[in-house]
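Notes for the one structure printed next.
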Amino acid sequence: MIQPPIIQRIPIPTKGKPFFKRLWILLTAPRQWEIKQDWYFTLPDGIRCVIPKGFIYDGASFPRIIWWIPGMSPTDIMLIPGTIHDYGYRFDYLVLAGGEYRYMVKAGKEYWDKLFREVGLYVNDVIVVDWIAWFFVNYFGFRAWRNRRKGRPETR
């Protein structure tokens, strides 16, 4: 079993804004989290990887309207697959546990979407939720994927 990362929620920037602006931000702004210490995990194929502390991401950023479906909240059972998926989307690789080598460099969107589903099944084994979540990232993740390809920052 993969232990979840130690994360901290990043506050939503509502302070000092007019009421309707705060309301709009609360309804539309993505929630973000930061990895607070290096997070080591083993993929279903046995490969050991690490996501370095300081990585900021939005998790399984499904529309809030579907968060009522059990498991579809980004901090529910989608936390682990969403964290790995977001790192893969951002950099198009994972870092091997030694920190010196990259794994699946330029694997592409299809690979990261499939890994999202596989990790979900490996960690949670909630087949219906994992397949629904995969459907959303596979068919609606193109915008996020394209945005990550533009000027993505490097790490390690």
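The values are calculated or read from the model by the stated rules, or taken from the named source; none is laboratory data. The structure displayed is predicted, hence computed values, not measured ones. Cβ sites come from the backbone with ideal geometry, for glycine too, and all protein chains shown count toward neighbours.
In segment 1-10, how many are at pLDDT 90 or above and assigned to a loop (DSSP other than H, G, I, E, B)?
2
Test Pro81 against the criterion of being within 20 Å of Tyr139 (Cα to Cα) and at pLDDT 80 or above, and give yes or no.
On the way: within 20 Å of Tyr139 (Cα to Cα): yes; at pLDDT 80 or above: yes.
Answer is yes for this residue.
Would you be able to say whether some residue in segment 46-53 is modelled with pLDDT of 65 or more, surrounded by 20 or more Cβ atoms within 10 Å (Cβ to Cβ) and under 8 Å from the mean Cα position of the chain (by Cα)?
Scanning segment 46-53 turns up no residue that is modelled with pLDDT of 65 or more, surrounded by 20 or more Cβ atoms within 10 Å (Cβ to Cβ) and under 8 Å from the mean Cα position of the chain (by Cα).
I'd like the residue in segment 11-41 that is among the charged types (D, E, K, R), in a loop (DSSP other than H, G, I, E, B) and surrounded by 12 or more Cβ atoms within 10 Å (Cβ to Cβ) and, out of all such residues, is nearest to the chain's Cα centre (by Cα).
Here the answer is Arg31.
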